[in-house]
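The values are calculated or read from the model by the stated rules, or taken from the named source; none is laboratory data. These numbers come from a predicted model, not from an experiment. For neighbour counting, all protein chains shown are included, and Cβ atoms are generated from backbone atoms with ideal geometry for every residue, glycine included. With ligands, DNA and RNA removed, areas are computed over all heavy atoms of the protein, side chains included. Shrake-Rupley method; radii C 1.70, N 1.55, O 1.52, S 1.80 Å.
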Amino acid sequence: MRSPLLDLPGAVDGDGIDAGVPAHYGSFNTEQRTLVGGEGFVDLSHRDVVRVSGPDRLTWLHSLTTQHLLDLAPGQWTGALVLSPQGHVEHAFVGVDDGEAFTAHTEPGAGEALVAWLDRMRFMMRVEVALVTEEVAVTWRPGRAGEGPYDAYELVPRAQLTAYAEAAGPACGLWAFEALRIERGEPRLGLDTDHRTIPNEVGWIGSSVHLDKGCYRGQETVARVHTLGRPPRRLTLLHLDGSENRLPTRGAEVFAADAPDRAVGFVGSSARHHELGPIALAVLKRNVPVDAALVVDGMPAGQEVVVDPEVGLHVRPRLR
């Protein structure tokens, strides 16, 4: 769906999965600094939105997902995953309950499959599931962020998006948002993951996986890997050397600099950061040393640890 904010002065459309919302409004570096300063907002209205209503919604979602939702307070944002029986991530979403319905957003184009899966799991529960992307838009506003990792998200009636922009401005583009997301080490399903990804590998323990709840599909894998403290792969932040005026191709293989014929992982999303320069997220084999020099898409890269390869510190500490 094309965002009406693409009609704002200087707006440049995104591309690929992120088409339909402004990538930037003329200066993504300035827009990053605006967001870091706690001002402005980002239009994420291309993301799919799913609503689950009915009196059994939280009990039902609690039983199906990785998140503890029984005591979720109205207005509290949270992340959750749906896993395969083997523990691989099939769906990822972030949502909030308003006391009557739980509304969540997921990757563009992923909402229909999520709704279809949830519908198959309703059985006799008093719940209704609907794709409401045409009615509800997603935004991200750092000025309203609380202590939770997802508190900066907002849900806006799509028909009111232009009025929202006038009140919440200045508008900042998706490129700025992505650079800050990558810096924080937050993965996107399907961009920074593959069909084999388990939550422990990409830092979703804690933010989207609750370790002290009842049984759910895929729990055995999550619990076993967490207890052993050694995920088979690990998410890392790549610092590209900037010698070339380009970013790596998503999905490109990553190689150790001293073994250029042996792939050790793949690169996901990338961006140009206003302070760090070109950065990217990559999933590497656990046994790759954390100080190993790497090459991705022909470009040298260094590492910053996001997921610890050895111990139970699965999520990088929040530094700011």
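From the set of residues in the stretch 133-147 that are assigned to a loop (DSSP other than H, G, I, E, B) and out of contact with any Gly (no Cβ under 7 Å at 6 or more places or on another chain), which is nearest to Gln160 (Cα to Cα)?
The residue in question is Glu135.
Against the condition hydroxyl-bearing (Ser, Thr, Tyr) and out of contact with any strand residue (DSSP E or B) (no Cβ under 6 Å at 6 or more places or on another chain), how does Thr197 come out, does it pass?
It is false that Thr197 is hydroxyl-bearing (Ser, Thr, Tyr) and out of contact with any strand residue (DSSP E or B) (no Cβ under 6 Å at 6 or more places or on another chain).
Out of Gly95, Gly79, Gly87, which single residue is open to solvent by less than 10 Å² (accessible area, probe 1.4 Å), within 19 Å of Asp212 (Cα to Cα) and part of a strand (DSSP E or B)?
Checking each option against the conditions leaves just Gly79.
For residues that are of a type outside the set (Ser, Thr, Tyr) and at pLDDT 95 or above, scanning just the stretch 223-243, find the one that is surrounded by the fewest Cβ atoms within 10 Å (Cβ to Cβ).
The residue in question is His239.
May I ask you to verify whether Arg246 is closer than 15 Å to Val82 by Cα, open to solvent by 10 Å² or more (accessible area, probe 1.4 Å) and more than 19 Å from the chain's Cα centre (by Cα)?
Criteria not met by Arg246.
For the subset of the stretch 41-69 comprising residues that are aliphatic (A, V, I, L, M) and in contact (Cβ under 8 Å) with a residue 40 or more places away in the chain, which member is farthest from Gly16 (Cα to Cα)?
Step by step, filter the stretch 41-69, then rank; the result is Leu58.
Quick one: in the stretch 265-277, of everything that is surrounded by fewer than 19 Cβ atoms within 10 Å (Cβ to Cβ) and free of Cβ contacts under 8 Å to residues at least 40 places away in the same chain, which residue is farthest from Asp291 (Cα to Cα)?
Glu275
Being touching a residue at least 60 places away in the same chain (Cβ under 8 Å), surrounded by fewer than 16 Cβ atoms within 10 Å (Cβ to Cβ), more than 25 Å from Glu220 (Cβ to Cβ) and acidic (Asp, Glu), is that true of even one residue in the stretch 104-111?
no
Filter the stretch 238-272 for residues that are closer than 13 Å to Pro300 by Cβ, part of a loop (DSSP other than H, G, I, E, B) and hydrophobic (A, V, I, L, M, F, W, C) and give the result.
Of everything in the stretch 238-272, just one residue is closer than 13 Å to Pro300 by Cβ, part of a loop (DSSP other than H, G, I, E, B) and hydrophobic (A, V, I, L, M, F, W, C), namely Ala257.
State which residue is modelled with the lowest pLDDT when the search covers only the stretch 245-301 and only residues that are among the β-branched types (Val, Ile, Thr) and either within 16 Å of Gly185 (Cα to Cα) or in contact with a helix residue (DSSP H, G or I) (Cβ under 6 Å, 6 or more places away or on another chain) (or both).
Val290
From Gly218, Gly229, Gly242, which residue is in contact with a strand residue (DSSP E or B) (Cβ under 6 Å, 6 or more places away or on another chain) and over 24 Å from Asp15 (Cα atoms)?
The conditions single out Gly218.
With the checklist (1) assigned to a loop (DSSP other than H, G, I, E, B); (2) in contact with a Leu (Cβ under 9 Å, 6 or more places away or on another chain) in hand, flag the one item Leu235 doesn't pass.
Checking Leu235 against (1) assigned to a loop (DSSP other than H, G, I, E, B); (2) in contact with a Leu (Cβ under 9 Å, 6 or more places away or on another chain), the one that fails is (1).
Restricting to the stretch 1-18, and then to whatever is of a type in the set (A, V, I, L, M) and not in a helix (DSSP H, G or I), can you tell me which residue is surrounded by the fewest Cβ atoms within 10 Å (Cβ to Cβ)?
Met1
Taking the conditions exactly as written (farther than 22 Å from Ala23 by Cα, in a loop (DSSP other than H, G, I, E, B) and at pLDDT below 95), does Val311 satisfy them or not?
Here the answer is yes, as Val311 does meet what is asked.
Is there any pair with a first residue in the stretch 1-28 that is without any contact (Cβ under 8 Å) to a residue 60 or more places away in the chain and basic (Lys, Arg) and a second that is assigned to a loop (DSSP other than H, G, I, E, B) and surrounded by 15 or more Cβ atoms within 10 Å (Cβ to Cβ) whose Cβ atoms are under 7 Å apart and which are 6 or more apart or on different chains, and what are they?
Filtered contacts from the stretch 1-28: Arg2/Gly20.
Looking at Val21, Val52, Val42, which one is closer than 25 Å to Val209 by Cβ, at pLDDT 95 or above and open to solvent by less than 10 Å² (accessible area, probe 1.4 Å)?
Val52
Could you check the stretch 279-302 and list, in sequence order, the residues that are open to solvent by 40 Å² or more (accessible area, probe 1.4 Å) and within 19 Å of Asn200 (Cα to Cα)?
Scanning the stretch 279-302 gives Lys285, Arg286, Asn287, Pro289, Val290.
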